[in-house]
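Student: One structure, pasted below without further comment.
The values are calculated or read from the model by the stated rules, or taken from the named source; none is laboratory data. Because the structure is a prediction, the values reported are computed rather than measured. Glycine also receives a Cβ, built like all others from the backbone with ideal geometry; neighbour counts cover every protein chain displayed.
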Amino acid sequence: MKIFTSKHSLGEHLATLRNKSKTIGFVPTMGALHQGHLSLLQIARSQTDQVVCSIFVNPTQFNDPKDLEKYPRPIESDIQKLEQGGCDILFNPGVNELYADNEQWHLNLGELEHLLEGKFRPGHYQGVTQVVYKLFDIVKPDVAFFGQKDYQQFMVIQKMADMLNLPVRLVMCPILREPDGLAMSSRNIHLSHDERQHALVLSKALNWFAGNFEPGKVSFLIGHCKEMIGKEPGVELEYFEAVEADSLLPAANNSSEMVILVAAKVGQTRLIDNLIIS
């Protein structure tokens, strides 16, 4: 695996690959890699000739400086996982490599920016689009791969790509779960043993909703799931919503495809999860 910290040297290397008609797959990450990230890498390897993975903890998408400070950065372990996973190229830039002083960025994402995650993390998606645009501009991938766990983020990045006519195809990859059902996340390492047990209520509620789903019962099911989560010790629910898969607006009873999304704090750790219902 080749490792680059400079956008210039990475760009030169990728240009030589493109001259050989190699297709470029891209998996952007913030590091602290787990099996979920590596599953994106495997899907990327199956669809493109060369896979670039980036590790960059992006400061502009954190609302809380403490959250940025405590975000895990086990770079040696991450490099080892990427090598074992068959990654071709790692881009691991410093903040100064991607950002100049006093940079301004604003993209009019409409209401998509202010729903769900956007309501609880104002400005978050401006930071996400800012860094992903920069990374797309440097890597110029043919295909980029993102996890379904960040469903709204995928929608936001797709909207940015459409608005700016970016020549990249986006692929959403399924959520990977621990054997007990907990969605894999870099934040799970912050959970104590008891908190981890309490966190299982999120996937249990999603599965209960899916198992009992009937058109016309959406409000009742949401109410039951909120109650289920509300009774779990140490879990503070932020939202549990059923929305249209293509707009994230509240789902109608006759929706052909909806997504059930949940966010909650378990102890001091904020977790999100979702389930697509066709």
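Student: Among the residues of segment 99-109, are any more than 25 Å from I24 (Cα to Cα), in the same structural domain as K159 (by TED's automatic domain parsing), among the small types (G, A, S) and out of contact with any Lys or Arg (no Cβ under 7 Å at 6 or more places or on another chain)?
Tutor: For segment 99-109, residues more than 25 Å from I24 (Cα to Cα), in the same structural domain as K159 (by TED's automatic domain parsing), among the small types (G, A, S) and out of contact with any Lys or Arg (no Cβ under 7 Å at 6 or more places or on another chain): present.
Student: Take segment 62-96 and flag every residue that is out of contact with any Phe, Trp or Tyr (no Cβ under 8 Å at 6 or more places or on another chain) and buried (at least 17 other Cβ atoms within 10 Å of the Cβ).
Tutor: Residues satisfying the conditions are D78, I79, K81, L82, G85, C87, D88.
Student: If you don't mind, there's one more thing I want to ask. Which one of these does V201 not meet: (1) closer than 25 Å to F62 by Cβ; (2) modelled with pLDDT of 95 or more?
Tutor: (1)
Student: Kindly establish whether K66 is more than 30 Å from E113 (Cα to Cα) and either in contact (Cβ under 8 Å) with a residue 12 or more places away in the chain or not hydrophobic (A, V, I, L, M, F, W, C) (or both). Steps first, please.
Tutor: Details: more than 30 Å from E113 (Cα to Cα): no; either in contact (Cβ under 8 Å) with a residue 12 or more places away in the chain or not hydrophobic (A, V, I, L, M, F, W, C) (or both): yes.
Spelling it out, it is not the case that K66 is more than 30 Å from E113 (Cα to Cα) and either in contact (Cβ under 8 Å) with a residue 12 or more places away in the chain or not hydrophobic (A, V, I, L, M, F, W, C) (or both).
Student: As an exercise: evaluate D194 against (1) over 16 Å from T269 (Cβ atoms); (2) in a helix (DSSP H, G or I); (3) of a type outside the set (G, A, S); (4) outside the structural domain of P93 (by TED's automatic domain parsing) and give the number of the one condition it does not meet.
Tutor: (1)
Student: Same structure, new question: Among residues belonging to segment 37-75 that are assigned to a loop (DSSP other than H, G, I, E, B) and of a type in the set (S, T, N, Q), point out the one that is farthest from R177 (Cα to Cα).
Tutor: Here is the first cut: in segment 37-75, the ones assigned to a loop (DSSP other than H, G, I, E, B) are 48-49, 56-58, 62-64, 71-74.
Those left that are additionally of a type in the set (S, T, N, Q): 48, 58, 63.
Details: T48: 25, N58: 25, N63: 27 Å.
Checking each candidate, the answer is N63.
Student: Go through segment 120-145 and report how many residues are of a type outside the set (G, A, S) and more than 17 Å from H13 (Cα to Cα).
Tutor: 15
Student: Hey, can you tell me all the residues within segment 1-36 that are crowded, with 19+ Cβ neighbours inside 10 Å and closer than 16 Å to P141 by Cβ?
Tutor: Once the filter is applied, which keeps residues that are crowded, with 19+ Cβ neighbours inside 10 Å and closer than 16 Å to P141 by Cβ, segment 1-36 yields F4, L10, L14, I24, G25, F26, V27, P28, T29.
Student: From the list A205, A210, pick out the single residue that is surrounded by fewer than 20 Cβ atoms within 10 Å (Cβ to Cβ), in a helix (DSSP H, G or I) and touching a strand residue (DSSP E or B) at 6+ places or on another chain (Cβ under 9 Å).
Tutor: Values: A205 fails: surrounded by fewer than 20 Cβ atoms within 10 Å (Cβ to Cβ).
Answer to the selection: A210.
Student: Select from segment 76-115 the residues that are in a helix (DSSP H, G or I) and among the aliphatic types (A, V, I, L, M) and write down the one among them that is nearest to F62 (Cα to Cα).
Tutor: Start the filter on segment 76-115 by keeping residues that are in a helix (DSSP H, G or I), which leaves 76-85, 95-98, 110-113.
When the remaining residues are screened for being among the aliphatic types (A, V, I, L, M), the result is 79, 82, 95, 98, 112.
Working: I79: 24, L82: 25, V95: 14, L98: 16, L112: 18 Å.
Applying the filter and picking the extreme gives V95.
Student: In segment 214-228, what residues are surrounded by 16 or more Cβ atoms within 10 Å (Cβ to Cβ) and within 15 Å of I277 (Cβ to Cβ)?
Tutor: Of everything in segment 214-228, those that are surrounded by 16 or more Cβ atoms within 10 Å (Cβ to Cβ) and within 15 Å of I277 (Cβ to Cβ) turn out to be V218, L221, I222, C225.
Student: Exactly one condition in (1) at positive phi; (2) assigned to a helix (DSSP H, G or I) is false for G181; which is it?
Tutor: G181 satisfies every listed condition except (2).
Student: Across segment 116-167, what is the number of residues that are of a type in the set (K, R), surrounded by fewer than 19 Cβ atoms within 10 Å (Cβ to Cβ) and in a helix (DSSP H, G or I)?
Tutor: If we filter segment 116-167 for residues that are of a type in the set (K, R), which is where we start, we get 119, 121, 134, 140, 149, 159.
Filter again for surrounded by fewer than 19 Cβ atoms within 10 Å (Cβ to Cβ), leaving 119, 140, 159.
Adding the requirement that they be in a helix (DSSP H, G or I) leaves 119, 159.
The qualifying residues number 2.
Student: When N274 is evaluated against the numbered criteria (1) at pLDDT below 95; (2) part of a strand (DSSP E or B); (3) among the polar types (S, T, N, Q), which criterion, by number, is the only one it fails?
Tutor: Only one criterion in (1) at pLDDT below 95; (2) part of a strand (DSSP E or B); (3) among the polar types (S, T, N, Q) is unmet by N274, namely (1).
Student: Scanning segment 229-245 for residues that are touching a residue at least 60 places away in the same chain (Cβ under 8 Å) and under 14 Å from Y151 (Cβ atoms), which turns out surrounded by the fewest Cβ atoms within 10 Å (Cβ to Cβ)? Talk me through it step by step, then tell me what you get.
Tutor: The first filter runs over segment 229-245 and keeps only residues touching a residue at least 60 places away in the same chain (Cβ under 8 Å), leaving 238-239, 241, 243.
Keeping just the survivors that are under 14 Å from Y151 (Cβ atoms) gives 239, 241, 243.
Working: Y239: 15, E241: 19, V243: 20.
In this case the residue turns out to be Y239.
Student: Could you tell me whether segment 176-199 includes any residue that is of a type in the set (D, E, K, R) and within 18 Å of V243 (Cα to Cα)? Spell out the reasoning first.
Tutor: Step one: of segment 176-199, the residues of a type in the set (D, E, K, R) are 177-178, 180, 187, 194-196.
Filter once more, so that each one left must be within 18 Å of V243 (Cα to Cα): none.
No, every residue in segment 176-199 fails to be of a type in the set (D, E, K, R) and within 18 Å of V243 (Cα to Cα).
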